[in-house]
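See structure below.
The values are calculated or read from the model by the stated rules, or taken from the named source; none is laboratory data. None of the values given here were measured: they were computed from a predicted structure. So basically every Cβ, Gly included, is an ideal-geometry build from the backbone, and we count neighbours across all protein chains shown.
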């Protein structure tokens with residue numbers, strides 16, 4: 001991909017004078033600060049880490065921030081990330097003692113610290129850790145100040161690409177966001193998806209914010225349409241979403257496979273779900289980390305957007321279908337004031353999604 005900002009005079013200048021080449025031989029330890037993010041943040045960052053692995057092949061590259069327990073094993077399966085540095089910045093004066101103890105422990109060990117968060121307070125605390133070099137959007141704290149950027153109009157992955165581009169790393173055409181699934185989890189998935197010749201469609205009816213969810217009966221109607229087309233339907237979700245998974249299944253006319261209802265321990269491990277997603281012909285869900293994961297596993301992914309905007313949060317890749325009505329109030333702050341509650345989601349019909357998916361799949365196969 002080639003973001004539009006690479007065509008500006010500033011970034012053309014950075015590409016001519018590649019700053020990273022001046023420090024390449026001195027960089028042994030790189031820490032990329034991601035803060036605390038969800039699954040989508042983690043998956044979206046994979047090609048970002050790959051950029052720096054290619055530019056600094058001899059350096060150790062660590063994820064810095066917080067990884068939630070449910071995502072830990074999938075994080076460990078990403079081989080381009082060499083390590084993990086747990087760090088929580090001080091918040092409103094809390095955690096100062098912990099921060100300074102961490103600084104004393106890590107001082108002098110980070111050659112290049114990259115802050116992806118674009119918050120000056122975060123950059124301040126990271127700079128206080130005394131890395132040899134620091135790259136951040138905060139102009140007075142970065143060794144390579146960035147030009148003003150229209151971040152609010154940019155996709156979150158494009159926002160990340162600004163950072164390596166400032167160092168003169170601008171060849172983004174060969175990036176991938178591949179996740180390798182260990183054989184153990186592929187074997188686990190066969191319990192639910194081992195049927196040679198069978199077409200599979202996955203439904204992910206929930207996400208981290210309930211306000212973004214497409215109605216359960218819409219998912220059920222779409223699942224029935226796909227089932228009548230010969231797809232085996234798999235409904236996926238975490239253990240704390242059991243009630244919603246059950247509701248979608250109950251509203252269906254046809255039978256679905258719901259791993260969490262069969263064995264709750266199976267769905268506690270995200271890599272089990274990932275192994276299923278990798279075998280699905282199509283995955284349909286809300287704006288969520290699960291859809292980003294499905295996209296990077298190569299499945300055709302149909303993502304439904306309502307309160308949030310695909311301009312900023314859509315999965316990256318050529319096998320994605322986006323549904324978004326772009327009402328005058330969208331994107332919103334998750335407080336709906338329309339006469340039809342969450343009309344942005346209600347206007348996206350199961351029939352519309354079904355027809356678009358069918359058309360896309362036919363085009364893809366041909």
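Test residue 93 against the criterion of being surrounded by fewer than 16 Cβ atoms within 10 Å (Cβ to Cβ), at pLDDT below 90, in contact with a strand residue (DSSP E or B) (Cβ under 6 Å, 6 or more places away or on another chain) and more than 21 Å from residue 20 (Cα to Cα), and give yes or no.
Working: surrounded by fewer than 16 Cβ atoms within 10 Å (Cβ to Cβ): yes; at pLDDT below 90: yes; in contact with a strand residue (DSSP E or B) (Cβ under 6 Å, 6 or more places away or on another chain): no; more than 21 Å from residue 20 (Cα to Cα): yes.
Against the criterion (surrounded by fewer than 16 Cβ atoms within 10 Å (Cβ to Cβ), at pLDDT below 90, in contact with a strand residue (DSSP E or B) (Cβ under 6 Å, 6 or more places away or on another chain) and more than 21 Å from residue 20 (Cα to Cα)), residue 93 does not qualify.
If residue 302 satisfies all but one of (1) assigned to a loop (DSSP other than H, G, I, E, B); (2) farther than 20 Å from residue 77 by Cβ, what's the number of the condition it fails?
Just one mismatch for residue 302, condition (1).
Can you pull out the residues in region 229-254 that are part of a helix (DSSP H, G or I) and over 14 Å from residue 216 (Cβ atoms)?
First, pick out the residues of region 229-254 that are part of a helix (DSSP H, G or I): 239-251.
Within region 229-254, 239, 240 meet the criteria.
For residue 190, work out the one condition from (1) outside the structural domain of residue 71 (by TED's automatic domain parsing); (2) without any contact (Cβ under 8 Å) to a residue 24 or more places away in the chain; (3) closer than 30 Å to residue 17 by Cα it doesn't fulfil.
For residue 190, the failing item is (3).
Would you tally the residues in region 225-246 being more than 24 Å from residue 308 (Cα to Cα) and either outside the structural domain of residue 266 (by TED's automatic domain parsing) or crowded, with 18+ Cβ neighbours inside 10 Å (or both)?
6
Going by the structure shown, is residue 271 surrounded by 19 or more Cβ atoms within 10 Å (Cβ to Cβ), farther than 21 Å from residue 305 by Cα, within 23 Å of the chain's Cα centre (by Cα) and at pLDDT below 95? Give the derivation first.
Values: surrounded by 19 or more Cβ atoms within 10 Å (Cβ to Cβ): yes; farther than 21 Å from residue 305 by Cα: yes; within 23 Å of the chain's Cα centre (by Cα): yes; at pLDDT below 95: yes.
Judged against the criteria, residue 271 is a match.
Any residue at all in region 345-355 that is without any contact (Cβ under 8 Å) to a residue 24 or more places away in the chain, assigned to a helix (DSSP H, G or I) and either within 18 Å of the chain's Cα centre (by Cα) or farther than 17 Å from residue 206 by Cα (or both)? So that I can check it myself, show each step before the final result.
Initial filter on region 345-355 (without any contact (Cβ under 8 Å) to a residue 24 or more places away in the chain): 347, 355.
Now drop any that are not assigned to a helix (DSSP H, G or I), which leaves 355.
Subsequent filtering for residues that are either within 18 Å of the chain's Cα centre (by Cα) or farther than 17 Å from residue 206 by Cα (or both) retains 355.
Yes; the residues of region 345-355 include at least one that is without any contact (Cβ under 8 Å) to a residue 24 or more places away in the chain, assigned to a helix (DSSP H, G or I) and either within 18 Å of the chain's Cα centre (by Cα) or farther than 17 Å from residue 206 by Cα (or both).
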